[in-house]
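Participant: Structure in structure tokens, see below.
The values are calculated or read from the model by the stated rules, or taken from the named source; none is laboratory data. Model, not experiment: these values are computed from the prediction. Neighbour counts are summed over all protein chains in view; Cβ atoms, including those assigned to glycine, are modelled from backbone coordinates with ideal geometry. Only protein heavy atoms, including side chains, enter the accessible area calculation; ligands, DNA and RNA are left aside. Shrake-Rupley method; radii C 1.70, N 1.55, O 1.52, S 1.80 Å.
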Amino acid sequence: MPSQSSPFDNPAGFTWNAKFPSFNQWIKLPRVLTRKEKRILLLFLILFLGSLTFLTSYIYQTYTVAVPAKGGSMTEGMVGSPRFLNPVYAEVNDTDRSLTQLLFSGLLRYDNEGNLVGDLASEYSVLEGGRVYEVTLKNNIRWHDGYAFDADDILFTVQTIQDPRYKSPIRANWVGVDVQKISATKVRFVLKDPFAAFAERLTLKILPKHLWQEITPENFALSIYNLQPVGTGPYRLIDVKRDKSGSVKEITLKAHSKYHGEGPYIATLIFKFFETQEDLLKEADAGKLQSFSLVNPAPSRFRDPALLVYEFSLPRSYSLFFNLQASSPVAKRDIREALKLGIDQNELNESIFTGNAILLSSPLRGDLYGFESPPLSTKDIERALSLFAKEGYQPAESGSLVKITLSQEFTADLRRGSQGTQVIALQECLAKDPKIYPGGIVNGVFGPATQQAVIAFQEKYVKDILAPSSLSKGTGTVGPSTRAKLNEICSAPQDDTPLYLTLTTLDQSPLKEVASFIAKSWEELGIETEVKVLTPGELERDVLKPRNFEILLFGEVLGRVPDPLPFWHSSQVKDPGLNLSGYDSSDADTLLEQIRRTGDVQERKAFLAQLQELLVQDLPALPLYDLTYQYVVSNEIKGVKEQLLSEPGQRFSGVLDWYIKTRRVWSF
């Protein structure tokens with residue numbers, strides 16, 4: 001008997017073949033729902049959409065990563081203004097060096113990790129024990145104006161720097177290097193001797209031959225291309241703004257769309273130039289700068305909390321260079337040591353650098369290159385004065401340190417019949433005591449009266465003059481023992497010569513402040529020191545090239561691979577060498593040549609340590625301090641990494657990895 005269905009078996013009246021509700025049915029749903037049912041439905045709908053959004057976001061964030069994207073603009077402030085955006089001359093000016101890093105390319109470059117990598121070069125090889133470097137160039141590289149780059153541009157750049165008519169400040173780096181073209185994409189550098197650090201020289205930025213080859217040496221520094229550069233770098237010049245006087249106030253660079261490498265990400269770089277650091281800081285406090293560098297910045301002084309301070313190390317030392325070739329007291333080692341003992345480096349650090357300087361005891365920076373530096377010397381006025389005394393300097397009543405000069409020092413034997421200035425001095429001396437020389441005649445002739453006066457003098461000081469020779473009666477002849485007593489009694493200080501020194505440096509902070517501190521420190525010893533401050537051009541022309549200084553406060557950069565030969569080898573005493581002190585030591589020369597030749601890092605450290613001992617002992621220069629290079633950057637600029645730099649302009653060596661914009665990509 002068939003079962004009978006109950007109305008309770010399907011109370012909703014649904015059938016299995018019912019269709020999904022249509023849109024019209026869905027929009028009519030609220031009409032058939034009670035208020036409570038509507039609230040429940042809305043709650044579930046919100047929970048559903050929230051869960052869907054959260055799940056989608058979670059999947060997106062979990063399985064995608066943020067990567068740099070092209071775009072954005074960075075504005076940097078600099079103190080000073082550009083003059084030579086030209087690798088031949090840019091070395092003199094920090095602003096020029098920095099911009100040249102962006103506008104031009106070298107055969108090699110440093111990346112954001114401090115590694116030497118190919119730039120214009122695809123590869124290079126070292127041959128013949130380090131005497132020959134062969135470089136293969138990348139293909140299809142274009143200058144910013146569209147012209148093709150090739151090996152001729154490299155030969156032109158190097159040979160221009162080597163030519164003394166162009167007066168390049170980096171000529172010394174390339175003297176003796178023979179550059180040869182093997183093909184349009186291959187060049188060879190032949191050195192006289194092996195040079196382990198030569199690869200770093202290949203970061204030299206290259207000029208376009210097609211624009212510069214017709215410009216004469218006399219007009220090279222005057223060319224419009226010095227401020228309208230055409231390079232192969234990651235950025236190209238777009239705009240230059242000047243004030244009414246013609247000074248450059250702003251430069252705009254755009255990413256080079258046909259750059260031969262990857263990047264850059266930041267599309268536009270704007271550089272604003274200021275006369276003083278104070279002007280720059282006002283602009284930064286107004287939030288108009290995203291990057292800048294200062295001599296000694298402190299984060300607390302920045303009003304913008306988004307500014308971060310990056311500290312880069314530099315293989316550099318600021319020292320007092322003594323001119324050993326000059327006719328000056330500093331040519332004597334004891335004088336140099338005494339001057340060293342008159343300086344308190346810790347006080348210098350606190351008063352000028354608020355404790356942020358790196359104090360140095362060696363110009364070779366063992367702290368960076370992995371060998372031990374000697375301890376810092378301490379200020380010792382008493383010992384300094386004793387060293388000055390050995391060289392004939394004594395404090396005068398005025399407080400000045402003076403060279404004692406006797407009115408007449410008796411140096412020759414005198415006897416009856418002698419004539420001349422020594423006899424006059426003798427007669428003047430004897431006449432001071434009427435009992436010894438009653439007549440007091442001064443005529444320059446050693447006669448009987450003078451002879452009797454000498455006898456009386458000898459017998460008055462019998463214990464000092466006659467007794468040592470077992471005599472009791474005077475001889476009337478001025479011999480060694482009589483001269484010694486005459487010098488003691490009669491030779492008095494006359495025309496005492498104060499110790500007066502001249503200290504030369506650049507008219508830039510903090511060098512001029514440090515020079516003033518040194519002068520004040522030596523004033524405590526009784527030394528008057530004139531401080532001369534010069535522009536970079538004046539210093540190069542009037543001081544460095546002719547070696548026209550007594551003491552020079554100046555900085556030297558050794559490079560990432562240390563090569564101190566240009567600074568201390570005797571072959572580098574004259575321009576274009578950089579041996580500013582005129583230091584000449586055969587032992588040092590041997591070590592410098594070994595340091596340059598060896599490619600073994602540990603062996604180089606051992607040679608550097610031995611050279612350091614010689615430099616500390618001979619003291620041709622007095623190392624004082626260095627500063628970390630502090631670069632202030634907004635936190636919106638990503639990818640900046642601290643590293644060892646050869647010079648401040650190399651902060652842009654990692655610019656290809658800097659970015660502002662990002663995009664997300666799937667991580668699988």
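Participant: Estimate the FRET efficiency between LYS241 and ASP542 by the formula 1/(1 + (r/R0)^6), using the beta-carbon distance for r and 56 Å for R0, to the nearest 0.05.
Facilitator: 0.95
Participant: Just to confirm the number: angle between the C-alpha axis of helix 421-430 and the first principal axis of the chain, 0 to 90 degrees, nearest 10?
Facilitator: 70 degrees
Participant: With a sphere of radius 13 Å drawn around the Cβ of ARG596, what net charge do the other residues whose Cβ falls strictly inside it have (Lys, Arg +1; Asp, Glu -1)?
Facilitator: Its environment carries a net charge of -2.
Participant: In addition: Using the per-residue mean of other Cβ atoms lying within 10 Å as a proxy for protection, in what order, highest first, do the peptides 562-568, 420-426 fall?
Facilitator: 562-568, 420-426
Participant: By how many degrees, between 0 and 90 and to the nearest 10, does the Cα long axis of helix 511-523 differ from the longest principal axis of the chain?
Facilitator: 30 degrees
Participant: So, with +1 on the Cβ of K and R and -1 on the Cβ of D and E, and no other charges, what is the size of the charge dipole of the chain about its Cα centre, to the nearest 20 debye?
Facilitator: About 2680 debye.
Participant: Normalised by the number of residues in the range 232-325, what is the relative contact order in percent for Cα pairs under 8 Å and 6+ residues apart?
Facilitator: 17 percent
Participant: What is the distance in Å between the Cα centres of the range 228-274 and the range 565-580?
Facilitator: 36 Å
Participant: Follow-up question, since we're still on this one. Need one number: nm distance between label points at ASP587 and ASP575, each 7 Å from Cα along Cα→Cβ, rounded to one decimal.
Facilitator: Roughly 3.3 nm, to one decimal.
Participant: Grab the Cα-Cα distance for LEU43 and GLU409, subtract it from 0.36 nm times how many residues apart they are, and report the gain in nm with one decimal.
Facilitator: 120.3 nm
Participant: Once every DSSP H run of n ≥ 4 in the chain is given -39500 (n - 2.57) and the sum is divided by its residues, what mean residue ellipticity at 222 nm do you get, rounded to the nearest 500 deg cm²/dmol?
Facilitator: Using -39500 (n - 2.57) per qualifying helix, the result is -8500 deg cm²/dmol.
Participant: Sorted by average packing, counted as other Cβ atoms within 10 angstrom per residue and highest first, what order do 349-359, 22-32, 308-318 take?
Facilitator: Result, highest mean Cβ count within 10 Å first: 308-318, 349-359, 22-32.
Participant: Under a 1.4 Å probe, what is the accessible area of the range 602-668 per residue, stated in Å²?
Facilitator: Accessible area per residue: 40 Å².
Participant: Relative contact order for the chain using alpha-carbon pairs under 8 Å, separation at least 6, rounded to a whole percent?
Facilitator: Answer for the chain is 20 percent.
Participant: Keeping the other protein chains in place, figure out the carbon and sulfur percent of the accessible area of the chain, with a 1.4 Å probe.
Facilitator: In the chain, the share of accessible area belonging to carbon and sulfur is 51 percent.
Participant: Tell me the net charge near SER585. Cut-off is 15 Å between Cβ atoms, SER585 excluded, with +1 for each Lys or Arg and -1 for each Asp or Glu.
Facilitator: -4
Participant: If you don't mind, another one. Report the FRET efficiency, 1/(1 + (r/R0)^6), for LEU116 and GLU262, where r is their Cβ-Cβ distance and R0 is 25 Å, rounded to 0.05.
Facilitator: In this case the efficiency is close to 0.90.
Participant: Ranking request for peptides 55-65, 591-601: highest mean number of other beta-carbon atoms within 10 Å first, then the rest in descending order.
Facilitator: Output ranking for 55-65, 591-601: 591-601, 55-65.
Participant: Mind giving me the nanometre distance, one decimal, between the label points for GLU128 and SER509, set 7 Å out from Cα along Cα→Cβ?
Facilitator: Between GLU128 and SER509, the label points sit 5.1 nm apart.
Participant: Can you give the charge dipole size of the range 177-223 about its Cα centre, rounded to the nearest 20 debye, using +1 on the beta carbon of Lys and Arg and -1 on the beta carbon of Asp and Glu?
Facilitator: Its charge dipole is roughly 240 debye.
Participant: Can you work out the FRET efficiency for the pair LYS435 and GLN394, with r the C-beta to C-beta distance and R0 = 25 Å, to the nearest 0.05?
Facilitator: 0.20
Participant: Quick check: the angle from helix 35-63's long axis to the longest principal axis of the chain, C-alpha only, nearest 10 degrees?
Facilitator: Here the helix axis deviates by roughly 40 degrees.
Participant: A further question follows. Which one, (i) 26.2; (ii) 27.1; (iii) 31.3, gives Kirkwood radius over Cα pairs in Å as derived from the coordinates shown?
Facilitator: Checking each listed value against the structure points to (iii).
Participant: Give me the distance between the Cα centres of the range 98-174 and the range 518-536, rounded to whole Å.
Facilitator: Result: 42 Å between the Cα centres.
Participant: Still on this structure, please answer the following. Between the range 328-376 and the range 436-506, what is the C-alpha centre distance in whole Å?
Facilitator: If you average the Cα positions of each part, the centres end up 45 Å apart.
Participant: Using a probe radius of 1.4 Å on heavy atoms only, what accessible surface per residue do you get for the range 438-591? Whole Å² is fine.
Facilitator: 45 Å²
Participant: Over the range 85-240, average the accessible area per residue using a 1.4 Å probe and give it in Å², no decimals.
Facilitator: So the range 85-240 comes to 41 Å² accessible per residue, rounded to a whole number.
Participant: Then there's this: For labels at LYS661 and GLU523 in the simple 7 Å Cα→Cβ model, what's the distance in nm?
Facilitator: 5.8 nm
Participant: Still on this structure, please answer the following. Can you check what the net charge comes to around PHE273, using other residues whose Cβ is under 13 Å from the Cβ of PHE273 (Lys, Arg +1; Asp, Glu -1)?
Facilitator: My count for the surroundings of PHE273 gives -3.
Participant: Quick query: amide H of ARG131 versus all other amide H atoms, modeled in the peptide plane; which residues come in under 5 Å with a sequence gap of 5 or more or a different chain?
Facilitator: Close amide H contacts, sequence-distant or interchain: none at all.
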